[in-house]
Amino acid sequence: MFPAGAGGIRPGRCKGECSLDTNASIKLRNITKRFGTTLANDRCWLDINRGEILALLGENGSGKTTLMNMLSGIYYPDEGQIFIDDKEVVIRSPKDAFDLGIGMIHQHFKLVDVLTAAENIILGLPGKGRLDMKAVSDKVRRICQTYGFDIDPDQKIYDMSVSQKQTVEIVKVLYRGAEVLILDEPTAVLTPQETKTLFKVLRNMRDDGKAIVIITHKLHEVEEVSDRVAILRKGSFVGDMPTKDTNAREMTNMMVGRPVALNIERPDPVDPKPRLEVRNVNLTDEEGIQRLFDVSFTANSGEILGIAGISGCGQKELLEAIAGLQRPDSGSITFMPEGQEARELIGLTPRQIQQQGVVLSFVPEDRLGMGLVGSMDITNNMMLRSYRSGSTGFLDMKSPRDLGEDIVKRLEVVTPGVTTPVRQLSGGNVQKVLVGREIASAPSVLMTAYAVRGLDINSSYTIYDLINQQKKEGVAVIYVGEDLDILIGLCDRILVLCSGRVNGIVDGRTADKEQIGLMMTRLEGGEQEGGSANG
């Protein structure tokens, strides 16, 4: 526990008979939640004030989302009390939360693509007779005008960008009368420009008296937008403080409980050589929509090539094409192993490509759908990579168990043990298990898509170190990320995708975040690769 007053910190009070002397609109007192033998929240105290943006921080598995899920009615606490305006309330469902003016915007949107923004906003609301959609649209426009949103109520969801879909989710809870808004990882897939717009809107809502809670791992954004930070560690409330009285290093130390170095190493590539060459690749998906247009680039050994782009601009399709999960319409993808003849990958199955030395570390939004089997434990999920390599009829259980235990230790996975089914882990800990398994497979080309999405800062820097270790060992690393600060700090070169096209490749050491943000959203003319940055 930190001493009272150190660095402006107000210590956590989740143990003992004490009370926070605040006039908070919402007070959580001694909130406890268990999932089987796992203690997710341990007698947590938290205050949420009107007219304030509160950043809720903590490592993966620290209980942040669980605590907010209890406030929003998704979970029900085993113990503790919730007070709104000093009156104790019971929240057993999201409807109860809405009735109390509490709305939560989740990281994965819950919208119906074929409906308009206005139709999604009123979906599920009670009503009699025929809906007056003109009145609904007018009310949506008034909300947008009040806070600075920019959406068309009559636009279909499938025609919207990620930031527009997020706007619909926020307007949906405001339409229902929310005075307290909880946003889980709100900037995860936004460009820098979209993030600035969102922060402006959040400040407008705060100035209108709303209480805003953001759950995030991006500490530079915490410093930019929040008024106060509250920190959980291992399910307990550690303390809170005004944001202006702290910094990223202190917040990280509080989350982890010890000093943590926040430096990303970027060693210079040693004797880089072409390892994967993509030339003029075009790809059309199953719905007949062209996703990639004449994409060309080279990934070199001992180098990290970053790929930047807004969600849905072709990153997923590009990696799946390289991995053999989708077949391009035209073009070539050539693997050039050290001291051997080049090999064309198009037309090969994923298993055949893996046998060529190309290993896909693809961490999709559906972590338990494509990457891991939720009902299987950590050991058996490790074995999914190695079970074909046995030369006898018996499975080798020791090696996968040893690997699982090593990943749990190195990445600090919060779990009772390697025999725990992965579906019982938090989302961030599931991500650690998946990324750790893929990096441990010793590839020649390592592709990672959103490897640190949902991970706390301590775990993220551990992953960066592991990726850099692969680079030092001569692996060609392709890193798809959404945090431009990390892309610029980690990668040697950054390829920018815009609408399925390569909009340029820039040097990570001299790149400008604003420039990359513009390149992600505005297609420029000229060649796909040019200048000294291409190597």
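Approximating the spin labels as points 7 Å out from Cα along Cα→Cβ, the Leu123-to-Arg509 distance works out to 4.9 nm. Judged by the mean number of other Cβ atoms found within 10 Å, the most tightly packed of the peptides 310-322, 503-515 leads the ranking 310-322, 503-515. Does a label point 7 Å from the Cα of Arg249, set along Cα-to-beta-carbon, have any residues of the stretch 203-230 with amide nitrogen under 12 Å, and which are they? Label zone hits: none.
Peptide packing for 104-115, 338-349 was compared via the average number of neighbouring C-beta atoms within 10 Å per residue; ordered from the highest value, the list is 104-115, 338-349.
Relative contact order of the chain, taken over Cα pairs closer than 8 Å and 6 or more residues apart, is 16 percent. The stretch between Glu224 and Asp208, if pulled fully straight at 0.36 nm per residue, gains 3.9 nm over its current Cα-Cα span.
Please compare each pair in Lys27/Lys64; Lys110/Lys134; Lys64/Lys200; Lys200/Lys244; Lys33/Lys234; Lys196/Lys218 to a cut-off of 20 Å on the Cα-Cα distance and tell me which ones are over it.
Details: Lys27/Lys64 15 Å; Lys110/Lys134 23 Å; Lys64/Lys200 24 Å; Lys200/Lys244 18 Å; Lys33/Lys234 12 Å; Lys196/Lys218 14 Å.
Table pairs above 20 Å Cα-Cα are Lys110/Lys134; Lys64/Lys200.
Place a point 7 Å from Cα of Ala342 in the direction of its Cβ. Which residues in the stretch 443-469 have their backbone N less than 18 Å from it? Under 18 Å, as judged by backbone N against the label point of Ala342, lie 445 of the stretch 443-469.
Placing dummy labels 7 Å off each Cα toward the beta-carbon, the span from Lys87 to Lys273 is 7.4 nm.
Modelled spin labels at Val162 and Asp113, positioned 7 Å past Cα toward Cβ, are 1.6 nm from each other.
Coordinate-derived values only; no laboratory data. Remember, it's a predicted structure, so these values are computed and weren't measured experimentally. Quick reminder, even Gly has a Cβ in these numbers, built from the backbone with ideal geometry, and neighbours come from all protein chains shown.
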